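Worksheet: the structure to be examined is printed underneath.
The values are calculated or read from the model by the stated rules, or taken from the named source; none is laboratory data. Here the structure is a predicted model, which means the values were calculated and not measured. Neighbour counts are summed over all protein chains in view; Cβ atoms, including those assigned to glycine, are modelled from backbone coordinates with ideal geometry.
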Amino acid sequence: MHPQLEILLELQDLKAQKREMEEAAEETSREIESEVFRVEPEDAVAQLEEKIAEMEDALEPEVRKRYRRVAERRPRVVVPVLSGMCYGCFMEMPTAMARNNDAIRWCEHCGSFVYFVD
Ligand SMILES: [Zn+2]
């Protein structure tokens with residue numbers, strides 16, 4: 001897999017994790033939180049944010065530009081392609097496109113980065 005694609009997938013994971021933690025922190029009472037989390041939820045979220053910023057810096061400028069643009073309007077920046085279909089917008093991917101993850105590719109319809117799983 002292309003190293004930049006790996007960073008994008010990891011970034012997406014970290015952001016999902018951060019969202020979940022923020023939601024959990026809101027729903028759970030302080031009392032229970034302190035038993036569940038080894039660190040304060042706010043600290044954990046801050047740590048995630050730091051890691052996210054660090055990984056965004058590791059993206060190539062062109063990739064980062066697209067990543068930011070997609071992240072603004074879509075919940076997922078990287079989506080799988082299954083049976084030639086983009087799972088960001090459910091449109092067919094061009095058949096001429098190489099079906100591997102050796103390069104950074106994106107969907108022409110929704111702009112999401114894609115990775116092939118079939
Ligand atoms: Zn798409």
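Here are some notes:
- Residue within region 89-100 that is under 19 Å from Ala16 (Cβ atoms) and either without any contact (Cβ under 8 Å) to a residue 40 or more places away in the chain or touching a Cys at 6+ places or on another chain (Cβ under 6 Å) (or both) present: no
- Among the residues making up region 80-102, a single one is within 13 Å of the chain's Cα centre (by Cα) and within 15 Å of Glu6 (Cβ to Cβ): Pro80.
- Condition broken by Met55, with the remaining ones in (1) within 19 Å of Glu6 (Cα to Cα); (2) modelled with pLDDT under 90; (3) touching a helix residue (DSSP H, G or I) at 6+ places or on another chain (Cβ under 9 Å) satisfied: (2)
- Residue in region 46-70 that is farthest from the ligand (Cβ to nearest atom), counting only those that are without any contact (Cβ under 8 Å) to a residue 24 or more places away in the chain and aliphatic (A, V, I, L, M): Ala46
- Residue in region 73-90 that is in a helix (DSSP H, G or I), at pLDDT below 95, closer than 18 Å to Leu8 by Cβ and away from the ligand (no atom under 13 Å from the Cβ) present: no
- Scanning region 98-115 for residues that are among the hydrophobic types (A, V, I, L, M, F, W, C), near the ligand (Cβ under 10 Å from one of its atoms) and part of a loop (DSSP other than H, G, I, E, B) yields Cys107, Cys110.
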